[in-house]
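Below is one structure, written out as structure tokens; comments come after it.
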Amino acid sequence: MNASSLKKDFLIILTYIVTSIVLEITLFLFLKFGFFPQYVLFDFGFLLLISGLLFILPGYKSKVAIALTFIIIQAILNCVNITLYHIFGDIFTFDMLTLGNEAAAAFSLSFIQWWSVLVTVTIVAAAVVAMVFILKSGSKKPNYNQKVSLFLVFTFICSFALGMGFVKLQKNYLENVSADYNNEYFESDDYLYENLNIKISALKKFGTYGLYMTDIYNSLGIQNAAQTQAEKEETMNYIENAKTISELGLTNDFTGISQGNNVITIMVESLEWFAIDEILTPNLYYLTQNSLNFQSFYARNKTNVSEGIGILGSYPKDTQFSTFYRENANFEGLYLPFSLPNMIKAQNENAQTSYFHNYYGYFYGRKSILPSFGFDNVTCLEDIDDYADDLPDNFNDFMLDSIMFLDCLNEIAPNNGEQFYSHITTLSMHGGYDFDRPRVAENLEAIEDNWVYLTNYINTSGVYTMPTDPEEQQMFKNYKAAAMETDKAIGILLDYLNETGLIENTTIIVYGDHNTYMSSLTNIMKGLEKTDLFTTELYRIPLLIYDQKALTQYKAQNNGSNAVNTFTTTFNIVPTVLDLLGIDYKPDLYQGKSVFSDNYETGFISILGGIFDNNFFSYDTIEILYRSPNATDEDLRKYQQNAVLYYEKQLHFERIYKYNLFAQLEWF
């Protein structure tokens, strides 16, 4: 045998294995997940499978090229996951690649965790140096005789068989330890491995290779026809057996109280309670005093997800809507009759449904996808005349909300005697807040003039603290200046509705998509560590429902108060609006409930990751990462129960979207 050639082969493969293990340890240490995955045989098994492949590749350079390719991919995944986790508490999956353009546009160097990048680059550089040294040592080309070649083939077979054995052994172990669990969604690691329903837990337990090899397999959609048909039939039965609120006897004092009302939903980018005050944002303040004011509304999702939930009442957990749209092109888009615009049109065929956003329509595929949600008209930046001569220079050059509202007033609220539903997603308050914003610069002067008032207002809120660091103060000022612009836009709409008399029969829902996580402004204002992702107060943001009839009824039942303290999430918006309008909807087709429902209980599961209510935060309901001081064991039981109910429903929602099932059923 040519010992020198074999030694070189083994050194290349050993360098790859050691580097991969060091990268895995580095990832886990930076994420504070411990030292190594719980089920480490997945990592070792896949490493052996790849090593077997390296053994039979011809030539040293090809072995090194493939080995370094795997190392670089793992290193990139490390950096991406560390960054995503520290910003969102999320990690990467391959379906996110469909949002590549959106991610690139919103990307900022401030997102990067530079220490992790430095350590990762150092590890990769060391591997490259080692590989180059190995290549230069000894013979330049392999000198394999027949015995060596047979030995390499034997080694490949052994490595491959051992790798497959490790993976199979680990999988069998998961099946055995999960067999006795009643709650497969959270307690069964076998279910987690098959479905990756909780990405953070999957990474912690199965490691990089275990997670991403399964993710690739799931992304390919490999499934036998019988299993697919069984899933379709099960969920079709679920849909057909769903009953309406009238059939279930779930109507309440607010059901139909605003029947026939127009509806305007305004999802305000990064809306926080500390954006609102009486002097500088008088219109938002007016709404807090004259609307149902939800003090315990929570949201933790990216903009497109919160937007989708506020229109659909549910959302696919891991797959982007653009993926579903492409896969269902033969249906001319998804058929989603349960969406808020479609439900309103089903009750009133003359109702007009419109969507408005002041950024480009390609972003998140809005122009292509939103007609499937039920909108007759979708208006984006390129459709707004007053923006034509003043388009943004870059993504962070956020357009003024007031221009969109002023330009589109007649389309947002058509005064033609027909019912309308309009959804508006604003932009001006988008983060980050650590750079100048020329379009709202004039608002900074008013902020300076009222700084003493603002500081006192924030510091006496009992929740927020005005930062003393000059840079952090400037971030707040930039955010507040943008909030004043959005407030101006809402004022334009309110004035128009009052002038036309439409205000009397219009329900207006104003809510935030998420907190000000960019620049960590939420953590700064709430006095929490910037690395804190788990304190649920971080995700408490405004929800206001302006509805004169509902407000009168609510105040009569609550001693004149307009404050609603019920735990509420974005999932509750659609069923609550349907309830107010008296539309006989099927609760099983929505993740949330109307906030006016009897025996109302709910929790929130973020698409980003995280299961929480106002008392608890966890990724899996087992390892509790935050618990409020006043929470009881009964609160914990309800929290866990609500999470199970969510996943029982979500199983069907995933199939509804994946298979476009309503295109194959007669609605109602």
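The values are calculated or read from the model by the stated rules, or taken from the named source; none is laboratory data. The shown structure was predicted, so the numbers you read here are calculated from the model rather than taken from an experiment. Note that we place each Cβ from the backbone using ideal geometry, even for glycine, and neighbour counts take in every protein chain shown. Remember, those area values only see protein heavy atoms, side chains included, never the ligands or the DNA or RNA. Shrake-Rupley method; radii C 1.70, N 1.55, O 1.52, S 1.80 Å.
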Practice problem: Specify which of the listed residues (GLU184, GLU233) is open to solvent by 40 Å² or more (accessible area, probe 1.4 Å) and modelled with pLDDT of 90 or more. | Solution: GLU233
Quiz item: Of these, GLY52, GLY45, which one is within 30 Å of THR83 (Cβ to Cβ) and either small (Gly, Ala, Ser) or outside any helix (DSSP H, G or I) (or both)?
Solution: GLY45
Practice problem: Determine whether region 431-451 contains at least one residue that is part of a loop (DSSP other than H, G, I, E, B), in contact with a Leu (Cβ under 7 Å, 6 or more places away or on another chain) and open to solvent by 30 Å² or more (accessible area, probe 1.4 Å). | Solution: yes
Practice problem: Take region 361-400 and flag every residue that is open to solvent by less than 60 Å² (accessible area, probe 1.4 Å) and aromatic (Phe, Trp, Tyr). | Solution: PHE363, TYR364, PHE373, PHE375, TYR387, PHE395, PHE398
Quiz item: Within region 246-277, how many residues are of a type outside the set (A, V, I, L, M) and under 27 Å from ALA483 (Cβ atoms)?
Solution: 8
Quiz item: What number of residues within region 2-25 satisfy the criterion of being open to solvent by less than 10 Å² (accessible area, probe 1.4 Å) and within 26 Å of LEU174 (Cα to Cα)?
Solution: 3
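Matching residues to (1) modelled with pLDDT under 90; (2) touching a strand residue (DSSP E or B) at 6+ places or on another chain (Cβ under 9 Å); (3) open to solvent by 60 Å² or more (accessible area, probe 1.4 Å):
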| position | (1), (2), (3) |
| --- | --- |
| GLY560 | no, no, no |
| PHE571 | no, yes, no |
| THR576 | no, yes, no |
| ILE583 | no, no, no |
| THR602 | yes, yes, no |
| ASP613 | no, yes, no |
| ARG627 | no, yes, yes |
| ASP633 | no, no, yes |
| LEU651 | no, no, no |
Quiz item: Looking at ALA225, is it at pLDDT 85 or above and not hydroxyl-bearing (Ser, Thr, Tyr)?
Solution: no
Quiz prompt | Members of region 518-537 that are touching a Leu at 6+ places or on another chain (Cβ under 9 Å) and surrounded by fewer than 22 Cβ atoms within 10 Å (Cβ to Cβ) | solution = ASN523, LYS526, LEU528, ASP532, PHE534, THR535, GLU537
Quiz item: So, in region 635-649, of the ones that are open to solvent by 30 Å² or more (accessible area, probe 1.4 Å) and of a type in the set (A, V, I, L, M, F, W, C), which residue ends up farthest from PHE534 (Cα to Cα)?
Solution: LEU645
Quiz prompt | Unmet requirement for ALA413, which otherwise passes all of (1) surrounded by 17 or more Cβ atoms within 10 Å (Cβ to Cβ); (2) hydrophobic (A, V, I, L, M, F, W, C); (3) touching a residue at least 40 places away in the same chain (Cβ under 8 Å); (4) more than 15 Å from THR265 (Cα to Cα) | solution = (4)
Self-check item: Residues (assigned to a helix (DSSP H, G or I), at pLDDT below 90 and farther than 18 Å from ASN301 by Cβ) located in region 63-114
Solution: LYS63, PHE94, LEU97, GLY100, ASN101, ALA104, ALA105, LEU109, SER110, TRP114
Quiz item: Any chance region 436-450 includes a residue that's among the β-branched types (Val, Ile, Thr) and closer than 21 Å to HIS514 by Cβ?
Solution: yes
Quiz prompt | Lone unmet requirement of (1) out of contact with any Pro (no Cβ under 8 Å at 6 or more places or on another chain); (2) in a helix (DSSP H, G or I); (3) surrounded by 15 or more Cβ atoms within 10 Å (Cβ to Cβ) for PHE28 | solution = (1)
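Does region 512-525 contain at least one residue that is among the charged types (D, E, K, R), farther than 23 Å from LYS480 by Cα and touching a residue at least 24 places away in the same chain (Cβ under 8 Å)?
The answer is no, given that none of the residues of region 512-525 is among the charged types (D, E, K, R), farther than 23 Å from LYS480 by Cα and touching a residue at least 24 places away in the same chain (Cβ under 8 Å).
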Quiz item: Conditions: (1) at positive phi; (2) open to solvent by 10 Å² or more (accessible area, probe 1.4 Å); (3) at pLDDT 95 or above. GLN352 meets all but one. Number of the miss?
Solution: (1)
Practice problem: Kindly list, by first and then second residue, each pair from a residue in region 8-27 that is farther than 14 Å from LEU77 by Cβ to a residue that is open to solvent by 40 Å² or more (accessible area, probe 1.4 Å), limited to pairs with Cβ atoms under 6 Å and residues at least 6 apart or on different chains. | Solution: LYS8/GLY138
Quiz prompt | Given (1) hydrophobic (A, V, I, L, M, F, W, C); (2) under 19 Å from THR486 (Cα atoms); (3) not in a helix (DSSP H, G or I), index of the condition PHE405 fails | solution = (3)
Practice problem: With the checklist (1) under 30 Å from LYS555 (Cβ atoms); (2) part of a loop (DSSP other than H, G, I, E, B) in hand, flag the one item ILE607 doesn't pass. | Solution: (1)
Self-check item: Residues of region 41-65 satisfying the condition of being surrounded by fewer than 20 Cβ atoms within 10 Å (Cβ to Cβ) and closer than 29 Å to TRP114 by Cβ
Solution: ALA65
Quiz item: SER178 fails exactly one of the following numbered conditions: (1) open to solvent by less than 50 Å² (accessible area, probe 1.4 Å); (2) under 23 Å from ILE622 (Cα atoms); (3) at pLDDT 80 or above. What is the number of that condition?
Solution: (3)
Practice problem: Identify all residues within region 447-492 that are at pLDDT below 95 and under 30 Å from LEU409 (Cβ atoms); write none if there are none. | Solution: none
Quiz item: Going through region 1-45 one residue at a time, which ones are among the hydrophobic types (A, V, I, L, M, F, W, C) and under 19 Å from ALA65 (Cβ atoms)?
Solution: PHE10, LEU11, ILE12, ILE13, LEU14, ILE17, VAL18, LEU23
Quiz item: In region 301-323, how many residues are assigned to a helix (DSSP H, G or I) and either hydroxyl-bearing (Ser, Thr, Tyr) or modelled with pLDDT under 65 (or both)?
Solution: 4
Self-check item: region 278-300, subset of a type in the set (A, V, I, L, M) and crowded, with 19+ Cβ neighbours inside 10 Å, residue nearest to THR536 (Cα to Cα)
Solution: ALA299
Self-check item: In region 365-401, the residues that are among the hydroxyl-bearing types (Ser, Thr, Tyr) and either over 22 Å from VAL263 (Cβ atoms) or in a loop (DSSP other than H, G, I, E, B) (or both)
Solution: SER368, TYR387
Quiz item: ASP487 versus (1) of a type in the set (Asp, Glu); (2) open to solvent by 10 Å² or more (accessible area, probe 1.4 Å); (3) touching a residue at least 60 places away in the same chain (Cβ under 8 Å): which is the lone unmet condition?
Solution: (2)
